[in-house]
Each structure stands twice: as structure tokens, then as C-alpha cells.
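Novice: Let me begin by handing over the structure; questions about it come next.
Bear in mind these aren't lab numbers, they're just calculated from the coordinates by the rules spelled out. Keep in mind it's a predicted model, so treat the numbers as computed, not measured. Cβ sites come from the backbone with ideal geometry, for glycine too, and all protein chains shown count toward neighbours.
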Amino acid sequence: MPVAWPCIRPESAVHLHGVTSPNKTARMLSHRKDRAARRWCNPSMRPPPSLSTPILPRETTPGASHLPHRSRGPCPASAARARALAGMLVSAAACATALTACRGDSSADPATEPSANLVMVPAGTVRFLAVGEFTRAGFPAAPPWQQARIEQPLRVMRQLVSQADYARCVAAQHCKPADGQDRRGASASAQLPVTGVSWVDAQAYAQWLAAETGLPYRLPRYEEWVLLAGDAFEEAAPLDEYRPDNPAQYWLQQYAREMARASVEPAPQPLGHFGRNAYGIEDLGGNVWEWTDTCYTRTALADGAAPLALSENCGIRAVAGQHPSFIPDFIRDARSGACSVGAPPSNLGIRLVVAAPPGR
């Protein structure tokens, strides 16, 4: 009867291969068992279970009864390959551990985390006091009310950019370190907003984040910030018109308004400390003023005529918060004297927006 091809013990095959058999049958068996040993070492060479090959029974093999019976042991070549594979797996695990330690928590990946931080703000119309400098007949004038229509919905960062977020841009060598931080970001916190950044820094961060995520992140215009602030936006009462016969009256009004503004703790507070508005956007009107993309303008007003823009200076940008201010684009700390009129912002930070696709 046919007998299934056995998986021969390699040790026995090697021993048999070295025996000089006195007859042709033993030599053929030696060659056949040698092939079987190689098949045992390489499973891909083993015949399927359906195949069978007749061989002489062990007990009838001439000259083979003296061979010692040994238990199956590992193929030396296979054992060496197994040891090498185990070493490679250990090395790969060590590399993966080191890479994870260098990159930190995968949940802080800039390509996914900012997208989860976005909330949708619908298009709408806002009304606010125009920002900038206004004159009437050459004298200072109170800013007029302005109405603006935001045609597209906005996706807005729910939280301010954190120190850890900004530190990743620094690590990528696209941003300069914020005031009080080093290039390694060792002291950067994911729970505190980044402060001590200029408009130039904010632009650099927006460009880096847009390149990392594929989303067109940018700074909002002032009127867009008014829209996203929603119920958290409070407009100050307009000042009376400047009277040439009593110029002190106008300046005293300005001084009284600035003094009435509540002082805030200058130290940055944890994200979410100042609450959220109806859209779910946090810390609007807290102690971090937010850079916008609106330039400083000078405008002449005249009765019965449209306002006349006299000049625009984009080296000075509007910051939004408890009240609007204008700050030179390279300044990181408004309290250092950059704000020429009114109470200076306590801190300067970043919140970015993304224009929603049409139809959203």
C-alpha cells in the first residue's frame, strides 16, 4: 500500500547520509531521506497531504535497523532564521517605542487635532462701531456704526491656539518661539493659550497649519470676529462728537471710559476658564486679545457724504477682545507701550478660522 511521505527527522537524515551502504537500495533511501530532510526544513517544499509516495517500511530497510531513533528536533538552519527574525522583531519594537517617545502622544497630531477643534458659525450680518481713526473737518470724530454681511459660514477654532500647538510649529522651524518659550517646547502646555506672539507669528503659524492639514487656515477679519463672538460681543457706548470749542470734553470721555473698564488678571488662564458662547467658542472676551487681519485705517467723515478713506496702514493690525485695539504687527506684548491710546490688551494670542465650502 502507498505510504504518505513522512517528515523525516533531520538528525537521522544527516546520519544516514553519511553511511556507506553496501547495496543500491540503501543508497537510494539515503538520497530520498536527505530530500525529505530538506523538505522538513522548508515547509513550502512539502508535498500536499493528498500526495503520497511509496517507500520501504522502516523495519524492512536493509542496513537501516542500526540507526538510532531520535526525537524530532529543530532544523539548524530554521532555528538560525528564527533567532534572526526574533532579533529583528525586538529591534523593530525598540524603534517603535523610541519613535513614539520622540513624537509624543499621537492624539496631539497637528493634522487631526485642529480639525476636531473647529465649530461652525453660520453666515450673518453684524453691526458694530467701525474700527480705526476718524476725523471730521480735521478734528477727531467718534467712529460711526458699521454694518457688514459675512456671506460664507466660518469654521472657527473652538479654543485659542495652545502653547503645545504652537510649539509644534516651532519644532518644525516654521515659527519663532513665543516669549517665554524655548525652541524645544519643554515648558509648552496643552492647557494654556500661547501668548507673547505677534501678528507676524500668527501668520506664520496659520501658514504652517494650513500646509500640515490641507485646510486654508487664516486669521479672521475684525467683522468676522464680531460674528463668531456672537452673544459674547459687547460694544462700548459711542463717544460724543468732538467739540472744537471744548476739546477737553472729548478726551475726558475717552479717559473715563478706559478707567471704567474692569482690570483683568494678566496671567494666562487655562483654556475654557472664561466660558463659552452660544456657538461653543471658548474664552472670547477673556484676558487674551486675538489678532485679526484688519489693517489700521484713517477715514474722513463729512455730513451728507460717504466716508473718505485717507490712508491704510497694514503694519498695524486690529486685535479683538474686551475692546478693540490697534497694535504694530511685530509687537508681542501690548503692555510694553505699543498701544498709544486706551488700556492695552493683557495678552496677545491666536484663533484661526477656515471659510466653509459653498453651500454649507
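Novice: Under the Karplus relation 6.51 cos²θ - 1.76 cosθ + 1.60, θ = phi - 60°, what is the ordered set of whole-Hz ³J(HN,Hα) values for the range 152-166, x standing for Gly and Pro?
Specialist: 10, x, 10, 9, 10, 4, 5, 10, 5, 4, 7, 4, 5, 4, 5
Novice: Once each part is reduced to its C-alpha centroid, what is the distance from the range 175-229 to the range 263-326 in angstrom?
Specialist: 16
Novice: If you don't mind, there's one more thing I want to ask. Between Leu118 and residues 5 or more places away or on another chain, which pairs have amide H atoms under 5 Å apart, with H built 1.01 Å from N, and which residues are they?
Specialist: Amide H neighbours of Leu118: Arg158.
Novice: Further, regarding this structure: Could you sort the peptides 290-300, 325-335 by per-residue average Cβ neighbour count (10 Å cutoff), highest mean leading?
Specialist: Top to bottom by mean Cβ count within 10 Å: 290-300, 325-335.
Novice: Which peptide among 117-124, 301-308 comes first, and what is the full order, when sorted by highest mean count of other Cβ atoms within 10 Å?
Specialist: Descending packing order for the listed peptides: 117-124, 301-308.
Novice: Roughly what would the spin-label model give for Gln146 and Ala171, points 7 Å off Cα along C-beta, in nm?
Specialist: In this crude label model, Gln146 to Ala171 measures out at 4.0 nm.
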